[in-house]
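The values are calculated or read from the model by the stated rules, or taken from the named source; none is laboratory data. The structure presented is a predicted model; accordingly, all values stated were derived computationally and were not measured. Quick reminder, even Gly has a Cβ in these numbers, built from the backbone with ideal geometry, and neighbours come from all protein chains shown. All accessible areas refer to the heavy atoms of the entire protein, side chains included, with ligands and DNA or RNA removed. Shrake-Rupley method; radii C 1.70, N 1.55, O 1.52, S 1.80 Å.
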There are 2 protein chains.
Amino acid sequence: MKLATLKDGTRDGRLIVVKRDLSAFVPATAVAPTLQAALDQWDVLEPRLRALAEELESGRVRGEPLDVRALHSPLPRAYEWVDGSAYLNHVVLVRKARNAEPPATLKTDPLVYQGGSGTFLAPTQDLVLPDESWGLDFESEVAVILGDVPPGTQAKDAGRYVKLVMLCNDVTLRNLIPAELAKGFGFFQGKPSTAFSPIAITPDELGAAWKDGRVHLRLRSTLNGQVVGDTDAGPEMHFSFFDLIQHIARTRPFTAGTILGSGTVSNEDRSRGISCLAERRMIETIEQGAPRTPFMKVGDRIDIEMFGPDGTSLFGRISQKVVAG
Amino acid sequence: MKLATLKDGTRDGRLIVVKRDLSAFVPATAVAPTLQAALDQWDVLEPRLRALAEELESGRVRGEPLDVRALHSPLPRAYEWVDGSAYLNHVVLVRKARNAEPPATLKTDPLVYQGGSGTFLAPTQDLVLPDESWGLDFESEVAVILGDVPPGTQAKDAGRYVKLVMLCNDVTLRNLIPAELAKGFGFFQGKPSTAFSPIAITPDELGAAWKDGRVHLRLRSTLNGQVVGDTDAGPEMHFSFFDLIQHIARTRPFTAGTILGSGTVSNEDRSRGISCLAERRMIETIEQGAPRTPFMKVGDRIDIEMFGPDGTSLFGRISQKVVAG
C-alpha cells in the first residue's frame with residue numbers, strides 16, 4: 001500500500017491512497033482525515049486503507065491523476081523525528097572532514113540524534129538559504145514511520161512497529177555544525193527542516209528488498225541533473241532499523257507517527273558515489289589534498305529517488321531547488 | 001487564563017479552562033477539542049477561551065471541581081520540545097560534575113537540546129525506573145508554549161510568540177549521559193519522557209513577574225517532603241526565553257505548540273538550594289570531597305511548584321514517585 005498527503009491549506013493536509021505506479025490516487029478521507037490520524041488507530045484503519053488501495057490497483061476505481069507537486073511530506077509535522085547514522089562509512093568520512101575521530105563505540109553503540117519535527121518541507125519545496133556560507137548539504141536517507149513502540153523493545157521484536165517506509169533529505173548546514181558540537185549538546189541550528197519523499201509505502205511493497213530491517217535497494221542522488229550517488233542502502237547499514245528501534249526505546253516509549261531515519265546512505269565502494277557533499281569533499285581532500293566541490297549554492301537542485309527491480313519509482317522523487325532567503 | 005488537559009482515554013486528552021485558584025474547571029470542547037487544536041488557531045480561539053475563563057472566574061458558571069490527578073500534561077504529546085540551559089550556574093556546576101569544561105561561548109551562545117516530544121508524562125505520573133544505576137535525577141524548570149515562529153525571528157520581536165507558560169520536570173538519567181555525549185550527537189537515552197505542570201497559563205497571569213522574557217518568581221522543589229530548592233527563576237536566567245527563541249529560529253521556523261524550556265533553574269546563592277540532584281552532588285564534592293546525596297531511588301517523590309505573590313499555586317504541582325520498572 002502506498003500513502004501520501006495532499007496539500008489542502010491545513011497544517012496536516014489530507015490523506016490519500018496512491019496507485020502502485022504513482023499515476024493516480026483516491027482520497028482516504030472516509031477512513032482517516034490525515035496520515036497521523038491513520039497511524040493513531042493503525043490496527044483498525046490499515047485494513048480499510050488497504051481495501052481502498054486494492055480498489056484502485058484493480059481498476060474498479062479509477063482515481064484522480066497524481067501530481068507530485070501537490071503533495072506535502074507524508075507527515076507534514078510529526079511528534080518525533082529521530083535520525084540514526086547507521087552507515088559507518090559515512091560516520092568515518094564526515095568525522096574525518098571535521099578532524100574528529102569516530103566514536104570508540106562506532107560498531108557497537110548506534111549514533112542517533114533527535115531532530116526537529118514540527119516543520120517538515122514538502123518533497124518539492126525550495127530549500128531557502130539565507131547565507132551560502134552556512135554550507136548547505138543534502139543527505140539522502142531511508143526512513144521509517146513507527147507505530148507505538150513500548151520502552152525496552154528488543155531488535156528481534158521491532159519489525160512489527162515499522163508501519164511505513166520513506167526516503168528523506170536530511171538537510172544539513174555543515175559549517176554551523178562544528179561550533180554546535182563543540183558545545184556538547186548535539187546538533188540544532190545545523191539541522192534545518194527536513195524533507196521526505198512524496199510517498200510512504202508499507203514494507204511489503206518492497207518485497208524481498210525489505211530484509212532484516214534494511215532496504216536492499218539503491219538510492220539515487222542527482223545533483224543538477226547529474227547522478228552523484230547510486231548507493232546501496234542494504235548491507236552496509238551496520239545497525240538495522242530494528243537495532244535502531246532497540247536503541248532509541250531503551251529508556252522511553254515512542255508514539256505512533258515517530259519517524260526514524262537511517263542516516264546518510266554510504267558505501268565503501270567509491271564508484272557508487274555519494275549521498276551528501278561532505279563525503280565527496282572528504283574524498284577529494286584524501287585524494288587531492290583539498291575539497292574541490294562547493295556546498296550547495298542558490299540555483300542548485302537535488303533529486304533523491306529509489307527504484308524497484310522493475311524500474312518503477314517506489315516513493316516518488318524528492319526534488320528541491322536552493323533559493324536565496 | 002489557565003488551561004489544562006483532562007485525561008479521557010484519547011492520545012491528546014480534552015481541553016479545559018481552569019479557574020485561577022485551581023478549584024474548578026469548565027470543558028472547552030465547544031471551542032477546541034484539544035490544546036493543540038486551540039494553538040493551531042490561537043488568534044481566533046483565544047478570545048473564546050478567555051470568555052469561558054471569565055464566566056468561570058466571575059461565578060456566572062460554577063464549573064466542576066478540579067482533581068489534578070485527572071490531568072495529563074497540557075500537551076500530552078507535542079511537535080517539538082526544545083530545552084535550553086539558560087542558568088549558567090547550572091551549566092558550570094553540572095559540567096564540573098562530569099569533569100568537563102563549560103563551553104567557551106557560555107555567555108554569548110545559548111545551549112539548547114532537542115528533546116523527545118511524543119510521550120510526555122502526566123504531572124502526577126510515576127517515574128518508572130528499570131535500573132537505579134542509571135542515576136535518575138529531576139530537573140525543575142520553567143517552560144513556554146510557542147505559537148508559529150518564523151525563521152530569523154529576533155529576540156526583540158519574540159514576546160508575541162509566547163502563548164503559555166508551564167513548569168516542567170526534565171527527567172534525566174545522569175549516568176547514561178557521559179557516554180552519550182562522548183559520541184558527539186547530544187543526549188538521547190539520558191533523557192526519558194518529560195513531565196509538565198498540570199496547568200498552562202497565559203503570561204498575563206504572571207503580572208509583573210513576567211518581564212523581559214523571564215519569570216521572576218521562585219520555583220520550589222520538594223524531595224520526599226523536604227524543600228530542597230526555592231530558586232529564583234528570574235535574574236539568573238542569562239538567556240531569556242526571547243533570546244532562546246532567536247537562537248532556535250535562526251535556521252528554521254517552529255510550529256504552534258512547540259515547547260521551549262529554560263533549563264534547570266539555578267542560583268549562585270547556595271542558600272536557595274537546588275533544582276536537581278546533580279548540583280547538590282557537585283557542591284558536596286567541592287565542599288566535602290565527594291558526593292553524599294544519591295540519585296533518586298524507588299519510592300522517592302519529587303514535587304515541583306511555583307507560587308504567586310499571594311501564595312496561590314500558579315501551575316498546580318508536579319508530583320511524581322519513582323517506581324521500579
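Which count do you get for residues in the stretch A:263-290 that are open to solvent by 50 Å² or more (accessible area, probe 1.4 Å), free of Cβ contacts under 8 Å to residues at least 12 places away in the same chain and not in a helix (DSSP H, G or I)?
Residues that pass the stated criteria total 2.
Could you tell me which numbered condition A:Glu180 fails, if it satisfies all but one of (1) at the interface with chain B (Cβ under 10 Å from one of its Cβ atoms); (2) touching a Lys or Arg at 6+ places or on another chain (Cβ under 8 Å); (3) open to solvent by less than 30 Å² (accessible area, probe 1.4 Å)?
(2)
Have a look at B:Ala143, B:Ala122, B:Ala100 and point out the one that is more than 25 Å from B:Ala256 (Cβ to Cβ) and assigned by TED's automatic domain parsing to the domain that holds B:Glu205. Outline the logic, then answer.
Working: B:Ala143 fails: more than 25 Å from B:Ala256 (Cβ to Cβ); B:Ala122 fails: more than 25 Å from B:Ala256 (Cβ to Cβ).
Of the residues listed, the single one that is more than 25 Å from B:Ala256 (Cβ to Cβ) and assigned by TED's automatic domain parsing to the domain that holds B:Glu205 is B:Ala100.
Among the residues of the stretch B:55-105, which ones are hydrophobic (A, V, I, L, M, F, W, C), more than 9 Å from chain A (Cβ to nearest Cβ) and either in contact with a helix residue (DSSP H, G or I) (Cβ under 8 Å, 6 or more places away or on another chain) or over 23 Å from A:Phe185 (Cβ atoms) (or both)?
B:Leu56, B:Val61, B:Leu66, B:Val68, B:Ala70, B:Leu71, B:Leu75, B:Ala86, B:Leu93, B:Val94, B:Ala97
For (1) within 30 Å of A:Leu129 (Cα to Cα); (2) of a type in the set (Ser, Thr, Tyr), each residue gets a yes or a no:
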{"residue": "B:Ser85", "(1), (2)": "yes, yes"}
{"residue": "B:Ala100", "(1), (2)": "no, no"}
{"residue": "B:Gly115", "(1), (2)": "yes, no"}
{"residue": "B:Phe120", "(1), (2)": "no, no"}
{"residue": "B:Ile145", "(1), (2)": "yes, no"}
{"residue": "B:Met166", "(1), (2)": "no, no"}
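What's the number of the condition B:Ala256 fails, among (1) among the aliphatic types (A, V, I, L, M); (2) closer than 29 Å to B:Ala179 by Cα; (3) within 14 Å of chain A (Cβ to nearest Cβ)?
Against the list (1) among the aliphatic types (A, V, I, L, M); (2) closer than 29 Å to B:Ala179 by Cα; (3) within 14 Å of chain A (Cβ to nearest Cβ), B:Ala256 comes up short only on (2).
Just checking, which of A:Phe239, A:Phe196 is in the same structural domain as A:Phe315 (by TED's automatic domain parsing), of a type in the set (Phe, Trp, Tyr) and over 30 Å from A:Asp67 (Cβ atoms)?
Working: A:Phe196 fails: over 30 Å from A:Asp67 (Cβ atoms).
Of the residues listed, the single one that is in the same structural domain as A:Phe315 (by TED's automatic domain parsing), of a type in the set (Phe, Trp, Tyr) and over 30 Å from A:Asp67 (Cβ atoms) is A:Phe239.
Please name all residue pairs, on different chains or six or more residues apart, with Cβ atoms under 8 Å, provided the first residue is in the stretch B:298-321 and is touching a residue at least 24 places away in the same chain (Cβ under 8 Å) and under 18 Å from B:Leu66 (Cβ atoms) and the second residue is open to solvent by 50 Å² or more (accessible area, probe 1.4 Å) and assigned to a loop (DSSP other than H, G, I, E, B).
Once the first residue is touching a residue at least 24 places away in the same chain (Cβ under 8 Å) and under 18 Å from B:Leu66 (Cβ atoms) and sits in the stretch B:298-321, its partners that are open to solvent by 50 Å² or more (accessible area, probe 1.4 Å) and assigned to a loop (DSSP other than H, G, I, E, B) give B:Asp303/B:Arg317; B:Glu305/B:Arg317; B:Thr312/B:Arg20; B:Thr312/B:Asp21.
Any idea which residue in the stretch A:127-145 is farthest from the other protein chains (Cβ to nearest Cβ), counting only those that are in a loop (DSSP other than H, G, I, E, B) and surrounded by fewer than 16 Cβ atoms within 10 Å (Cβ to Cβ)? Can you show your working first?
Keep residues of the stretch A:127-145 that are in a loop (DSSP other than H, G, I, E, B), which gives A:130-131, A:135, A:138-139.
Remaining after also requiring surrounded by fewer than 16 Cβ atoms within 10 Å (Cβ to Cβ): A:130-131.
Details: A:Pro130: 7, A:Asp131: 9 Å.
Here the residue is A:Asp131.
Need pairs with beta-carbon distance below 8 Å; first residue modelled with pLDDT under 95 and within the stretch A:42-60, second β-branched (Val, Ile, Thr); sequence gap 6+ or separate chains.
Here the result reads none, with nothing in the stretch A:42-60 linked to a residue that is β-branched (Val, Ile, Thr).
Restricting to the stretch B:313-325, and then to whatever is of a type outside the set (Gly, Ala, Ser) and within 19 Å of B:Thr231 (Cβ to Cβ), can you tell me which residue is most open to solvent (accessible area, probe 1.4 Å)? So that I can check it myself, show each step before the final result.
Of all residues in the stretch B:313-325, those of a type outside the set (Gly, Ala, Ser) come to B:314-315, B:317-318, B:320-323.
Filter again for within 19 Å of B:Thr231 (Cβ to Cβ), leaving B:314-315, B:317-318, B:320.
Working: B:Leu314: 14, B:Phe315: 0, B:Arg317: 110, B:Ile318: 0, B:Gln320: 0 Å².
Looking at the filtered set, the residue picked out is B:Arg317.
Any residue at all in the stretch A:303-317 that is under 25 Å from A:Ala209 (Cα atoms), in a strand (DSSP E or B) and β-branched (Val, Ile, Thr)? Steps first, answer last, please.
The first filter runs over the stretch A:303-317 and keeps only residues under 25 Å from A:Ala209 (Cα atoms), leaving A:303-317.
Among the residues that remain, those that are also in a strand (DSSP E or B) are: A:303-307, A:313.
Next, only the ones that are β-branched (Val, Ile, Thr) stay: A:304.
Checking the stretch A:303-317: at least one residue is under 25 Å from A:Ala209 (Cα atoms), in a strand (DSSP E or B) and β-branched (Val, Ile, Thr).
So which residues in the stretch B:77-91 are in a loop (DSSP other than H, G, I, E, B) and in contact with a strand residue (DSSP E or B) (Cβ under 8 Å, 6 or more places away or on another chain), if there are any at all? Show your work before the answer.
Of all residues in the stretch B:77-91, those in a loop (DSSP other than H, G, I, E, B) come to B:77-80, B:85-86.
Residues satisfying the conditions are B:Ala78, B:Glu80, B:Ser85, B:Ala86.
Looking at B:Gly152, B:Gly159, which is the one that is within 10 Å of chain A (Cβ to nearest Cβ) and open to solvent by 10 Å² or more (accessible area, probe 1.4 Å)?
Values: B:Gly159 fails: within 10 Å of chain A (Cβ to nearest Cβ).
Just a single option satisfies the conditions, and that option is B:Gly152.
Modelled with pLDDT of 95 or more, within 17 Å of the chain's Cα centre (by Cα) and either among the aliphatic types (A, V, I, L, M) or assigned by TED's automatic domain parsing to the domain that holds B:Glu305 (or both): is that true of B:Thr153 in this structure? It would help to see each step written out before you state the result.
Numbers: modelled with pLDDT of 95 or more: yes; within 17 Å of the chain's Cα centre (by Cα): no; either among the aliphatic types (A, V, I, L, M) or assigned by TED's automatic domain parsing to the domain that holds B:Glu305 (or both): yes.
So B:Thr153 does not fit the description; no.
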